[in-house]
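Chemist: Structure below; questions to follow.
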Amino acid sequence: MMQHMRTGPCASGRAARTGRQHCISVRAAKTPSGPVLAIVGVTGAVGQEFLSVLHDRNFPYSDIKLLASARSAGKKQTFEGHEYTIEELTPESFKGIDIALFSAGGSISKDLGPVAAAAGVIVVDNSSAFRMTEGVPLVIPEVNPEAMKHIKLGKGAIIANPNCSTIIALMAVTPLHRVATVKRMIVSTYQAASGAGAAAMEELRQQTQDVLSGKPAVPKIFPVQYAFNLFSHNSGMDVKLGYNEEELKLVNETHKIWNNKDVRITATCIRVPIMRAHAESINLEFEDDISEQQALDALAKFPGVSIINDRAANRFPMPLDATLQDDVFVGRVRRDISRTDNKGLEIFVCGDQIKKGAALNAVQIAELVLKN
């Protein structure tokens, strides 16, 4: 039977949040009563996506400051019909700012995130700098909004945006976890160029053109040829454990977001020559029985999830389905036939790394701040 479903549009405004499911939508755009925003790292792939998502969701703001390195200072950026001058990021940049969306790398976040928070700014940080810091909420708005319920506009704080692979996995797995409680999770990721930034995306484009033209592929961002190849994720390797940083992020961040360290998790993360949408194959073991239909029903009700699960046509989620889309796409929902009970499922997931894996999730966090 064909199953290709999208969840319905979110209700707008403060009434959009009900029970355990949270439709995160604030509609207002530029308004004198809105907060003053800062985009830190505006010239990067995620920084540019912040602007796109803010526009698409009509996020309310009274003014916006665009911040980047000294190299980009003075450049012009048009946003919603207004031309802004990009300013150099300094410790003094946060005067008069209410909410700052950071995507400029972990070292800058570590240096200037606390400075901004001390100035009364709500910092939503897309780096790994504060994800595992005690007292800093690590939030996926559809999954654990309660972690940041104490944070109010006008009182400085840091909120961490989870890693892209964690967000995409937990958008799919959390509704199933709420039905039957996940006991063990085995994740294999197939991660796009965008996760390594705009320069990596350009390297994939250039190498693809070069190889098709009979020229050698010249690695610059990655240590090996990227076009027509795949390789173990390029993050740092724990030589003793044999796991890279990306894999350990998925494990540790899931424990924190679910507030449950008893879930056993292992991951293998692979970089693949796809431009901007990650894919993940996930095997799940549950405490309780769960059927395929129960899983599909739970996924269909979960905000931000779409289902593509057409066995007859062999049609399931692809990175192209998720590219430039807000939703995370789930399919290949099937019983784990290696088990003799009804406590195992397999799923396949795709999500846009720059959108829900980064910028969209951060803007949704900012929307929650306005509702707190």
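Chemist: May I ask you to give the percent of accessible area on the stretch 202-284 that is carbon plus sulfur, with a probe radius of 1.4 Å? The partial results should precede the final answer.
Modeler: Details: 2390 of 4440 Å².
Carbon and sulfur: 54 percent of the exposed surface of the stretch 202-284.
Chemist: Let me ask something else about it. Return the carbon/sulfur percentage of the accessible area of the stretch 86-148, one whole number, probe 1.4 Å, all protein chains in place. The partial results should precede the final answer.
Modeler: On the way: 1200 of 2380 Å².
Of the solvent-accessible surface of the stretch 86-148, carbon and sulfur hold 51 percent.
Chemist: First obtain the Kirkwood hydrodynamic radius of the stretch 38-115 from its Cα pairs, then insert it into the Stokes-Einstein equation at 37 °C and 0.692 mPa s, and state the resulting D in µm² per second as a whole number. Intermediate results must be reported in sequence, preceding the final value.
Modeler: Working: Rh = 12.7 Å.
Diffusion coefficient, whole number: 259 µm²/s.
Chemist: Another question, if that's okay. Using the alpha-carbon centroid of each, what span in Å lies between the stretch 37-115 and the stretch 259-291?
Modeler: A separation of 32 Å, based on Cα centres.
Chemist: Highest mean first, what order results for 110-119, 342-351, 140-149 on Cβ atoms within 10 Å? Spell out each step's value before the answer.
Modeler: Working: 110-119: 18.1, 342-351: 23.0, 140-149: 20.0.
In decreasing order of mean packing, 110-119, 342-351, 140-149 become 342-351, 140-149, 110-119.
Chemist: At 1.4 Å probe size, with every protein chain present, just tell me what the per residue accessible area of the stretch 262-318 comes to in Å².
Modeler: Values: 2260 Å² over 57 residues.
With all protein chains present, the stretch 262-318 gives 40 Å² per residue.
Chemist: Residues of the stretch 22-115: accessible area per residue at 1.4 Å, in Å²?
Modeler: I get 44 Å² per residue for this part.
Chemist: As a check on your grasp of the helix formula, calculate [θ] at 222 nm for the chain: sum -39500 (n - 2.57) over DSSP H runs of n ≥ 4, divide by the residue count, round to the nearest 500.
Modeler: The per-residue figure over the chain is -8000 deg cm²/dmol.
Chemist: Now for a separate question. Taking the Cα atoms of the chain, report the difference between the largest and smallest coordinate on each principal axis, in whole Å and largest first.
Modeler: Cα extents, longest axis first: 61, 57, 41 Å.
Chemist: Over the stretch 118-238, average the accessible area per residue using a 1.4 Å probe and give it in Å², no decimals.
Modeler: On the way: 4860 Å² over 121 residues.
Averaged over the residues of the stretch 118-238, the accessible area is 40 Å².
Chemist: Something else: Order the peptides 321-328, 164-171, 44-51 from the highest to the lowest mean number of other Cβ atoms within 10 Å of their residues.
Modeler: Numbers: 321-328: 20.8, 164-171: 27.1, 44-51: 24.0.
Taking the mean over residues of other Cβ atoms within 10 Å, the ranking is 164-171, 44-51, 321-328.
Chemist: Semi-axes of the equivalent ellipsoid of the stretch 104-146: what are they in whole Å, largest first, if each equals the square root of 5 times a C-alpha gyration tensor eigenvalue? Before the final figure, lay out each step's value.
Modeler: Details: eigenvalues 70, 31, 16 Å².
Each semi-axis is the square root of five times an eigenvalue, giving 19, 12, 9 Å.
Chemist: Hey, another quick one. Can you work out ³J(HN,Hα) from phi for every residue in the stretch 227-232, in order, using Karplus 6.51 cos²θ - 1.76 cosθ + 1.60 and θ = phi - 60°, giving whole Hz and x for Gly and Pro?
Modeler: Values per residue, Gly and Pro as x: 4, 6, 8, 8, 7, 4 Hz.
The values are calculated or read from the model by the stated rules, or taken from the named source; none is laboratory data. Just so it is clear, the structure is predicted and the values come from calculations on it, not from any experiment. Reconstructed Cβ throughout: ideal geometry from the backbone, glycine too, with neighbour counts over all protein chains shown. Accessible surface is based on the protein model in full, side chains and every heavy atom, while ligands, DNA and RNA are left aside. Shrake-Rupley method; radii C 1.70, N 1.55, O 1.52, S 1.80 Å.
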